[in-house]
Amino acid sequence: MAKLIFSAITSLDGFIEDSTGNFDWSMPDEEVHTYVNDLERSVGTYLYGRRMYEVMVAWETFEDADLAPFAVDYARIWRAADKIVYSSTLQAASSANTRITRTFDLSAVQKLKDTAQRDISVGGPNLASQALKAGLVDECHLLLSPISVGAGKPALPNDFRAEFELLDVRRFGNGVVHLHYRTRT
């Protein structure tokens with residue numbers, strides 16, 4: 001059985017983007033990016049909403065020659081994985097190994113978890129919120145950036161209560177802290 005993992009880079013006050021939709025403050029440096037690459041190696045399928053997919057699909061078209069080696073590594077990880085995009089408006093995928101599904105069906109996600117050989121990542125707070133509330137998320141990787149943005153899109157749902165078990169903490173030279181949690185059942 002595969003794990004469903006929610007990963008997010010957040011501000012210290014818990015937002016993945018500020019009130020204007022900006023998230024340039026969250027761009028990982030080489031040390032953090034290399035660490036994230038290692039976390040992502042176990043992922044065989046990414047679950048995205050349309051907006052998150054439209055951000056991430058850039059990894060499909062970046063020219064490796066234009067990227068730092070750690071970014072090339074991530075691009076290869078991302079390109080090799082399957083992607084499922086949940087969107088009622090997106091007509092076609094613009095990346096390989098990608099299929100569009102109209103609705104986020106929690107029973108289908110559970111079936112995928114039960115049958116997948118590799119872990120599954122749920123990306124973006126909207127889908128993650130649904131998966132968290134349904135009790136499908138097994139682990140969370142939160143990378144806290146040393147910045148407060150005051151308002152914006154929260155990484156975790158406001159109307160959700162759960163207990164987590166801390167599995168690991170990692171501190172980086174740029175002030176980012178990685179918190180790895182397992183959900184408690």
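The values are calculated or read from the model by the stated rules, or taken from the named source; none is laboratory data. What you see is a predicted model, and the numbers here were worked out from it, not measured in a lab. Please note: Cβ atoms are built from the backbone with ideal geometry, for glycine as well, and neighbour counts cover all protein chains shown.
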If we keep just the residues of region 56-86 that are outside any strand (DSSP E or B) and among the acidic types (Asp, Glu), which is farthest from Gln117 (Cα to Cα)?
Asp66
Given the options Gly135, Gly152, Gly173, Gly123, name the one that is surrounded by 12 or more Cβ atoms within 10 Å (Cβ to Cβ), under 19 Å from Asn37 (Cα atoms) and either small (Gly, Ala, Ser) or at pLDDT below 95 (or both).
Gly123
Index of the failed condition, Thr115 passing every other in (1) exposed (fewer than 15 other Cβ atoms within 10 Å of the Cβ); (2) among the β-branched types (Val, Ile, Thr); (3) under 18 Å from the mean Cα position of the chain (by Cα):
(3)
Region 1-21, residues that are small (Gly, Ala, Ser) and within 25 Å of Val109 (Cα to Cα)
Ala2, Ser7, Ala8
Just for strands (runs of 3 or more DSSP E) wholly inside region 122-185: which have at least 2 residues that are within 16 Å of Ser7 (Cα to Cα), without any contact (Cβ under 8 Å) to a residue 40 or more places away in the chain and charged (D, E, K, R)?
164-171
State all residues of region 12-45 that are hydroxyl-bearing (Ser, Thr, Tyr) and either assigned to a loop (DSSP other than H, G, I, E, B) or over 21 Å from Asp168 (Cβ atoms) (or both); if no residue qualifies, say none.
Ser19, Thr20, Ser42, Thr45
Which of the residues that make up region 56-71 are loosely packed, with under 15 Cβ neighbours inside 10 Å and either over 17 Å from the mean Cα position of the chain (by Cα) or under 14 Å from Val36 (Cβ atoms) (or both)?
Thr61, Glu63, Asp64, Ala65, Asp66, Leu67, Ala68, Pro69
Of the criteria (1) buried (at least 17 other Cβ atoms within 10 Å of the Cβ); (2) under 25 Å from Asp138 (Cβ atoms), which one Asn97 fails
(1)
Are any residues in region 10-32 under 13 Å from the mean Cα position of the chain (by Cα) and at pLDDT 95 or above, and if so, which ones?
Thr10
Just give me the residues in region 18-50 being in contact with a helix residue (DSSP H, G or I) (Cβ under 8 Å, 6 or more places away or on another chain) and either of a type in the set (A, V, I, L, M, F, W, C) or within 25 Å of Gly135 (Cα to Cα) (or both), in sequence order.
Val36, Glu40, Arg41, Val43, Thr45, Tyr46, Leu47, Tyr48, Gly49
Counting only residues that are of a type in the set (Lys, Arg) and touching a His at 6+ places or on another chain (Cβ under 7 Å), how many does region 13-70 have?
0
Hits in region 46-55 - residues which are hydroxyl-bearing (Ser, Thr, Tyr) and part of a strand (DSSP E or B):
Tyr46, Tyr48
Pick out the one residue from Leu12, Leu39, Leu47 that is of a type outside the set (Val, Ile, Thr) and either without any contact (Cβ under 8 Å) to a residue 12 or more places away in the chain or surrounded by fewer than 17 Cβ atoms within 10 Å (Cβ to Cβ) (or both).
Leu12
